[in-house]
Amino acid sequence: MPKKEKKMKTKKTPVSKSVKSVKDKKSKEKENSSTERGRRTYGLLRGMHDILPKDEKYWKPMYGSAQDLASHFQFSRLETPVLEEVGLFVRSIGKGTDVVDKEMYVFEDKDGTKVCMRPELTAAAVRAYIMHGMWNMPQPVKLWYWGQMFRHDRPQAGRYREFHQVGFEIFGQADPAADAELILVAFNFYKDLGLPVEIHINSLGTPAERANYKNELVNYYRSKRSYLCEECRNRIAKNPLRLLDCKEERCQSVKEDAPQIINWLGAESKNHFMKVLEFLDELNIPYQLDSTLVRGLNYYTHTVFEVYAADAEVGSQSALGGGGRYDLLVEEIGGRPTPAVGMALGLERTVLAIKQFNEKNNREMPKQPVDAFIAQLGEEGRRITLKVINDLRGHNIKIAFNFFKTSLKNQLELADSLKAPFAVIIGQKEVQDGTAIIRDMESGIQEIVDQKKLVNILKRKLGKFDEKR
Ligand code: HAM
């Protein structure tokens with residue numbers, strides 16, 4: 001009897017599934033466009049998303065941290081076009097990878113050139129390094145970037161078709177210190193954002209070492225073929241390293257007993273890897289050795305690593321960022337032999353992880369600090385206030401104001417909610433006298449000052465002695 005019930009259920013599934021998918025499709029269409037007051041409105045393409053003002057509190061600190069780390073570790077900014085020749089990515093990332101085989105936005109340009117919207121930026125950085133003769137510059141050349149990437153993947157939480165990465169690449173340094181430096185930059189990026197992360201790390205050795213290992217892996221997986229999911233059966237011939245990446249339940253026990261690459265590494269590769277780990281120990285960066293970490297792009301040699309949120313769900317399956325060494329790629333793309341290492345961090349996934357972490361831990365993003373709220377009364381007050389706002393900005397005093405709130409009470413309430421230590425009040429009387437009122441928001445004590453001396457008095461009160469910008 002239970003068997004029969006089960007059978008009936010499975011028979012029904014495709015019908016209900018197809019009804020559901022039609023419904024889903026319809027509601028998707030609705031979500032993307034609708035008719036409002038007789039006019040068609042437009043929505044987003046699948047897998048695309050807007051970054052809204054409400055999320056600025058996540059994006060601004062990320063950019064701030066990236067910029068700060070770049071300047072501290074002496075990376076120079078690289079910007080490359082969104083469109084590149086498709087061959088650049090096919091050759092760098094490699095056939096047989098998901099990115100090249102399934103996910104690239106490729107189209108023919110009007111002149112017939114096959115172009116592609118960049119799925120990542122490492123290959124473009126290598127192109128720029130070669131093309132602009134950066135090998136002639138003192139090495140290492142350290143570059144960083146921030147921008148949109150495009151991958152036509154199946155959208156889900158933390159996976160978009162257009163997403164942002166911040167990336168750091170070091171060219172011309174073979175020393176394991178460079179690998180560790182990049183992991184340190186990634187770790188600090190998340191530390192600045194208050195998100196605990198851990199590093200998963202592995203070594204893929206040299207191509208020769210990897211080839212021997214692949215043979216062993218293929219033999220092992222062939223002997224377990226009947227236990228594998230369909231995708232893995234295809235991977236045996238197509239891209240055997242990716243067998244280790246499979247998340248399917250039925251492949252896990254096979255994966256657990258798979259041969260480990262570390263046993264195929266020669267003395268030099270092992271030594272490089274050990275040195276990277278020693279640096280991480282010295283830097284107190286938490287890491288896990290992960291023999292199944294192979295990365296989804298074919299250009300890596302030696303160290304590979306990924307960053308996972310230590311305490312957020314988005315991190316359990318998908319990495320926040322990743323990178324590694326690609327010592328052969330510059331030569332492969334037509335340049336001189338140049339060791340290189342880099343990493344890129346996914347910003348949408350970072351935002352998701354921070355949101356989850358904050359919710360779990362009852363934490364809020366720190367508010368942007370406001371030094372003074374400028375309150376105005378009447379039209380004259382508003383006119384002078386705009387000039388005062390501009391003067392204060394020129395002296396690096398962070399101000400807030402709201403011209404649409406006309407009552408002083410409302411404006412002071414706003415100043416309070418923004419935690420501004422001071423309010424500057426300019427009403428009709430102050431305009432006539434050439435003065436302004438400085439109100440200490442904590443004590444409520446007010447002081448009338450000459451408008452010409454306002455900047456200096458405020459700077460003194462705020463303890464700001466820095467130079468005029
Ligand atoms: P990747 O692992 O392909 O590496 O991407 C890095 C990060 O970008 C991922 O960990 C993830 O956070 C984010 N990411 C990737 N695909 C998506 C997606 N569809 N939606 C949202 N986020 C995504 C690279 O791209 C290499 N270029 C990294 C590198 C730099 N290696 C050496 N240098």
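The values are calculated or read from the model by the stated rules, or taken from the named source; none is laboratory data. Given the structure is predicted, the values throughout are model-derived calculations rather than measurements. Quick reminder, even Gly has a Cβ in these numbers, built from the backbone with ideal geometry, and neighbours come from all protein chains shown. Note: areas computed on protein heavy atoms with side chains; ligands, DNA, RNA excluded. Shrake-Rupley method; radii C 1.70, N 1.55, O 1.52, S 1.80 Å.
Brief remarks follow.
- Residue match in region 365-376 (condition: farther than 30 Å from residue 166 by Cα, away from the ligand (no atom under 16 Å from the Cβ), open to solvent by 20 Å² or more (accessible area, probe 1.4 Å) and in a strand (DSSP E or B)): no
- Close pairs (8 angstrom Cβ cut-off, 6 or more residues apart or separate chains): on the phi < 0 side of the Ramachandran plot in region 373-384, at pLDDT 85 or above and of a type in the set (Phe, Trp, Tyr) anywhere: 373/401; 373/422; 374/401; 375/401; 376/401; 376/403; 382/403
- Residue match in region 340-362 (condition: among the charged types (D, E, K, R), more than 13 Å from the ligand (Cβ to nearest atom), open to solvent by 10 Å² or more (accessible area, probe 1.4 Å) and in contact with a helix residue (DSSP H, G or I) (Cβ under 7 Å, 6 or more places away or on another chain)): no
- Residues located in region 160-180, provided they are within 12 Å of the ligand (Cβ to nearest atom), under 20 Å from residue 305 (Cβ atoms) and among the charged types (D, E, K, R): 169, 179
- Test: residue in region 218-227 that is hydrophobic (A, V, I, L, M, F, W, C), away from the ligand (no atom under 11 Å from the Cβ) and open to solvent by less than 30 Å² (accessible area, probe 1.4 Å): yes
- Hits in region 98-112 - residues which are loosely packed, with under 12 Cβ neighbours inside 10 Å and in a loop (DSSP other than H, G, I, E, B): 109, 110, 111, 112
- Number of residues in region 172-205 that are over 30 Å from residue 355 (Cα atoms), part of a loop (DSSP other than H, G, I, E, B) and touching a helix residue (DSSP H, G or I) at 6+ places or on another chain (Cβ under 6 Å): the value is 2.
- When we screen 68, 98 for residues that are among the acidic types (Asp, Glu) and either at pLDDT below 95 or within 16 Å of the ligand (Cβ to nearest atom) (or both), the only hit is 98.
- Tally of residues being buried (at least 18 other Cβ atoms within 10 Å of the Cβ), in a strand (DSSP E or B) and within 8 Å of the ligand (Cβ to nearest atom) across region 148-159: 1
- Counted residues, region 58-78 - those being under 16 Å from the mean Cα position of the chain (by Cα) and open to solvent by 100 Å² or more (accessible area, probe 1.4 Å): 1
- Residue-level analysis places residue 210 outside the set of residues that are open to solvent by 70 Å² or more (accessible area, probe 1.4 Å) and more than 29 Å from the chain's Cα centre (by Cα).
- Selection within region 403-417 - at pLDDT 90 or above and surrounded by 14 or more Cβ atoms within 10 Å (Cβ to Cβ): 408, 411, 412, 414, 415
- Total residues in region 316-327 satisfying the condition of being part of a loop (DSSP other than H, G, I, E, B) and within 7 Å of the ligand (Cβ to nearest atom): the figure is 4.
- Among the candidates 227, 190, 213, residue that is aromatic (Phe, Trp, Tyr) and in contact with a Phe, Trp or Tyr (Cβ under 7 Å, 6 or more places away or on another chain): 213
- Check on residue 398, out of contact with any Asp or Glu (no Cβ under 9 Å at 6 or more places or on another chain) and of a type in the set (Lys, Arg): no
- Filter result for residue 192 (away from the ligand (no atom under 14 Å from the Cβ), open to solvent by 10 Å² or more (accessible area, probe 1.4 Å), in contact with a Ser or Thr (Cβ under 7 Å, 6 or more places away or on another chain) and among the charged types (D, E, K, R)): yes
- Pick from region 243-275, criterion part of a loop (DSSP other than H, G, I, E, B) and charged (D, E, K, R), ranking: least open to solvent (accessible area, probe 1.4 Å): 248
- Per the listing 294, 330, the residue uniquely part of a helix (DSSP H, G or I), open to solvent by less than 10 Å² (accessible area, probe 1.4 Å) and either over 30 Å from residue 130 (Cα atoms) or touching a residue at least 40 places away in the same chain (Cβ under 8 Å) (or both) is 330.
- Taken across region 198-219, residues that are touching a residue at least 60 places away in the same chain (Cβ under 8 Å) and in contact with a Pro (Cβ under 8 Å, 6 or more places away or on another chain) do occur, with at least one present.
- Strands (runs of 3 or more DSSP E) contained entirely in region 380-445, each with at least 2 residues that are under 34 Å from the mean Cα position of the chain (by Cα): 399-401
- Qualifying residue in region 80-89 (condition: in a helix (DSSP H, G or I), among the hydrophobic types (A, V, I, L, M, F, W, C) and surrounded by fewer than 18 Cβ atoms within 10 Å (Cβ to Cβ)): yes
- Search result, residues across region 434-445 that are open to solvent by less than 100 Å² (accessible area, probe 1.4 Å) and in contact (Cβ under 8 Å) with a residue 12 or more places away in the chain: 434, 435, 436, 437, 438, 439, 440, 441
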